[in-house]
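Trainee: Sharing a structure here in structure tokens format.
The values are calculated or read from the model by the stated rules, or taken from the named source; none is laboratory data. Because the structure is a prediction, the values reported are computed rather than measured. FYI the Cβ positions are ideal-geometry reconstructions off the backbone, even for glycines, and counts take in every protein chain you see. For accessibility, only protein heavy atoms count, side chains too; no ligands or nucleic acids. Shrake-Rupley method; radii C 1.70, N 1.55, O 1.52, S 1.80 Å.
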Amino acid sequence: MSPARAEIRQKRSDGLSRGTNQSGVRLYNERLVLSLIRRHGNLPKADIARMTGLSPQTISIITNQLEADGLLRRGHAQRGRVGQPSVPYSLNPDGAFAFGLKIGRRSVDLYLINFVGEVKCKLHQTYPYPTPEGVREFAVQGLLQLQQSLSPDAIARIAGLGIAAPYEMWTWAQEIGAPQADIEAWRGIDIRADLARLCQWPVYFSNDITAACAAELMFGNGADYIDYLYVFIGSFIGGGLVLDGHLFPGRTRNAGALGSMPAHAGSPGQLMNIASIYVLERKLIEQGREADLLWQSPDDWGQNLGPVLHDWIEEVAESLALAIVAAIAVIDVETVIIDGAFPTSVRQAIIGRTRMALQRVNQQGLSPFGLAEGALGSGARAMGGAAIPLLANFTQDREVLFKENG
């Protein structure tokens, strides 16, 4: 190892990894403070002490240490109250960085984000279907490329690489038009372990929509709600769940698997066979129209897709309304957040039509709930991948202890 690399590794050990030899209580309290400040934006010591029930002296020790570690930054003193001026603390955007790799059925993305979820740089590539070799090459080359924008100190503050990908990638080959033999290669691949051998940082893995739900909670509109069902419409529709302000992945980390819900009474299909973008792709292809733009530019489809888009939105809304009511009957959340890999105008249209469709569904006996827009759009899954190392290292949330390379 070169002297420069050794110095960077030592800085990382003294900085991001500080606390691994501390007691569990101290580490939990530090993560609790960071989580509260992330949720509220900024907080003075007095408010942190009140919210946590910890003594002012303990909070002072914790915030001073986190500031010394570069994870918190001190704001300007706020005067006008009785007593000492109040000094708010906020997260230092440069306190930590993370990579997020989204492996989709039509595209792959690599994001580099900072501690507050700002995207520093990103790479995007489309394909007819994913292969382990292609994803591996994209990830390795992309990590090298994105590092070039960082200083040595920033590189030392990289918390890890988070992979966000569908479970059982080899399934649903027919829906995405992939040769079964090619897509079957994923069955024997542990992509987390595979990339961990090629990556100098810890590598984590999560279901892609669960990761997107985590990103919405950390960086998007999710912080505004205590409980919510998260809906993300990508190649296939999926979902996630937040309860009492915490991500709830479920027993097998597959909670909120909306795509597998029955489509509607009398239909042998599932929700994903109606409310997914691959269905819109097929409709365009049947009309002899170009469909690659759906994956190449998910934030701007670039042209008026006309009646085919309108019809698809109507079908999505009708089926989604039934699925939402069924889910609400079980989990009783206050909000449903809807997002997807499409332009903002499409997201707004889907939410508007779903709200209208809900008026036609019998909701007797259910508590009122609202619909809200997601804030991250097509980048939610890659940002969710990058959120995983930050969740694992800097939050008190015990529900998201994603598997890490030892």
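Trainee: For region 144-187, what are the residues that are of a type in the set (Gly, Ala, Ser) and outside any helix (DSSP H, G or I)? Break it down into steps so the answer makes sense when it comes.
Mentor: From region 144-187, those of a type in the set (Gly, Ala, Ser) are 149, 151, 154, 156, 159-160, 162, 164-165, 173, 177-178, 181, 185; that's our starting set.
Answer for region 144-187, where residues must be of a type in the set (Gly, Ala, Ser) and outside any helix (DSSP H, G or I): 149, 151, 159, 160, 162, 164, 165, 177, 178.
Trainee: Report, by residue number, each residue of region 40-66 that is touching a Leu at 6+ places or on another chain (Cβ under 9 Å), closer than 22 Å to residue 220 by Cα and either open to solvent by 60 Å² or more (accessible area, probe 1.4 Å) or among the hydroxyl-bearing types (Ser, Thr, Tyr) (or both).
Mentor: Listed by number, the list holds a single entry, 42.
Trainee: Okay, next question. Pick out the one residue from 354, 344 that is surrounded by fewer than 14 Cβ atoms within 10 Å (Cβ to Cβ) and under 25 Å from residue 220 (Cα atoms).
Mentor: Values: 354 fails: surrounded by fewer than 14 Cβ atoms within 10 Å (Cβ to Cβ).
Result of the check over 354, 344: 344.
Trainee: Does residue 182 qualify as being in contact (Cβ under 8 Å) with a residue 40 or more places away in the chain and open to solvent by 30 Å² or more (accessible area, probe 1.4 Å)? Walk me through how you get there before you give the answer.
Mentor: Numbers: in contact (Cβ under 8 Å) with a residue 40 or more places away in the chain: yes; open to solvent by 30 Å² or more (accessible area, probe 1.4 Å): yes.
Yes; evaluated as a whole, the condition is true for this residue.
Trainee: Related question: Restricting to region 249-305, and then to whatever is acidic (Asp, Glu) and open to solvent by 70 Å² or more (accessible area, probe 1.4 Å), can you tell me which residue is nearest to residue 341 (Cα to Cα)?
Mentor: Here is the first cut: in region 249-305, the ones acidic (Asp, Glu) are 281, 286, 290, 292, 299-300.
Adding the requirement that they be open to solvent by 70 Å² or more (accessible area, probe 1.4 Å) leaves 286, 290, 292, 299-300.
Details: 286: 21, 290: 17, 292: 13, 299: 7, 300: 10 Å.
The qualifying residue nearest to residue 341 (Cα to Cα) is 299.
Trainee: Residue under question is residue 221, and the condition is that it be farther than 21 Å from residue 166 by Cα and of a type in the set (S, T, N, Q); does it hold? Lay out the reasoning, then the answer.
Mentor: Numbers: farther than 21 Å from residue 166 by Cα: yes; of a type in the set (S, T, N, Q): yes.
Spelling it out, residue 221 is indeed farther than 21 Å from residue 166 by Cα and of a type in the set (S, T, N, Q).
For (1) over 17 Å from residue 212 (Cβ atoms); (2) in a helix (DSSP H, G or I); (3) open to solvent by 50 Å² or more (accessible area, probe 1.4 Å); (4) touching a strand residue (DSSP E or B) at 6+ places or on another chain (Cβ under 6 Å), each residue gets a yes or a no:
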position: 322; (1), (2), (3), (4): yes, yes, yes, no
position: 329; (1), (2), (3), (4): yes, yes, yes, no
position: 368; (1), (2), (3), (4): yes, no, yes, no
position: 375; (1), (2), (3), (4): no, no, yes, no
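Trainee: A follow-up question, please. Hey, does region 365-376 have a residue that's over 26 Å from residue 204 (Cβ atoms) and within 16 Å of the chain's Cα centre (by Cα)? Can you show your working first?
Mentor: Step one: of region 365-376, the residues over 26 Å from residue 204 (Cβ atoms) are 365-373.
Remaining after also requiring within 16 Å of the chain's Cα centre (by Cα): 373.
Scanning region 365-376, I find at least one residue that is over 26 Å from residue 204 (Cβ atoms) and within 16 Å of the chain's Cα centre (by Cα), so the answer is yes.
Trainee: Now a separate question. Could you pull out the residue among 303, 287, 270, 296 that is in contact with a Pro (Cβ under 7 Å, 6 or more places away or on another chain) and of a type in the set (S, T, N, Q)? Spell out the reasoning first.
Mentor: Details: 303 fails: in contact with a Pro (Cβ under 7 Å, 6 or more places away or on another chain); 287 fails: in contact with a Pro (Cβ under 7 Å, 6 or more places away or on another chain); 296 fails: in contact with a Pro (Cβ under 7 Å, 6 or more places away or on another chain).
Only one candidate passes the filter, namely 270.
Trainee: In addition: Inside region 91-143, can you point out the residues that are among the aliphatic types (A, V, I, L, M), open to solvent by 20 Å² or more (accessible area, probe 1.4 Å) and outside any loop (DSSP other than H, G, I, E, B)? Quick ask: steps written out before the conclusion?
Mentor: In the first step, residues of region 91-143 are kept if they are among the aliphatic types (A, V, I, L, M); the result is 91, 96, 98, 101, 103, 108, 110, 112-113, 116, 119, 123, 135, 139-140, 143.
Those still in the list that are open to solvent by 20 Å² or more (accessible area, probe 1.4 Å) too: 116, 119, 123, 140.
Within region 91-143, 119, 123, 140 qualify.
Trainee: Would you check if residue 73 is open to solvent by 40 Å² or more (accessible area, probe 1.4 Å), closer than 22 Å to residue 114 by Cβ and not in a helix (DSSP H, G or I)?
Mentor: Details: open to solvent by 40 Å² or more (accessible area, probe 1.4 Å): yes; closer than 22 Å to residue 114 by Cβ: yes; not in a helix (DSSP H, G or I): yes.
Yes.
Trainee: Can you find a residue in region 197-211 that is open to solvent by less than 10 Å² (accessible area, probe 1.4 Å) and at positive phi?
Mentor: no
Trainee: Further question on the same structure: Taking the stated definitions as given, is residue 291 closer than 27 Å to residue 245 by Cα and within 27 Å of the chain's Cα centre (by Cα)?
Mentor: Working: closer than 27 Å to residue 245 by Cα: no; within 27 Å of the chain's Cα centre (by Cα): yes.
For residue 291, the condition - closer than 27 Å to residue 245 by Cα and within 27 Å of the chain's Cα centre (by Cα) - is not met.
Trainee: Among the residues in region 227-248, are any assigned to a helix (DSSP H, G or I), open to solvent by 10 Å² or more (accessible area, probe 1.4 Å) and polar (S, T, N, Q)?
Mentor: Taking region 227-248 first, the residues assigned to a helix (DSSP H, G or I) are none.
Among the residues of region 227-248, not one is assigned to a helix (DSSP H, G or I), open to solvent by 10 Å² or more (accessible area, probe 1.4 Å) and polar (S, T, N, Q), which makes the answer no.
Trainee: Pick from region 111-142 the residues that are over 22 Å from the mean Cα position of the chain (by Cα) and among the polar types (S, T, N, Q): which of them is farthest from residue 298 (Cα to Cα)?
Mentor: Here the answer is 141.
Trainee: Could you list, ordered by first residue, the pairs with Cβ atoms under 7 Å in which the first is in region 308-333 and over 14 Å from residue 366 (Cα atoms) and the second is part of a helix (DSSP H, G or I) and open to solvent by 40 Å² or more (accessible area, probe 1.4 Å), at least 6 apart or interchain?
Mentor: So the pair list comes out as 308/283; 312/283; 313/353; 314/353; 317/353.
Trainee: Still on this structure, I have one more. If I ask for residues that are part of a helix (DSSP H, G or I) and hydrophobic (A, V, I, L, M, F, W, C), which ones from region 213-226 would you list? Walk me through it before giving the result.
Mentor: Taking region 213-226 and keeping what is part of a helix (DSSP H, G or I), we get 213-219, 221-224.
Selection gives 213, 214, 215, 217, 218, 219, 223.
Trainee: Checking residue 215 against (1) surrounded by fewer than 18 Cβ atoms within 10 Å (Cβ to Cβ); (2) small (Gly, Ala, Ser); (3) at pLDDT 95 or above, which test does it fail?
Mentor: The number of the failed condition is (1).
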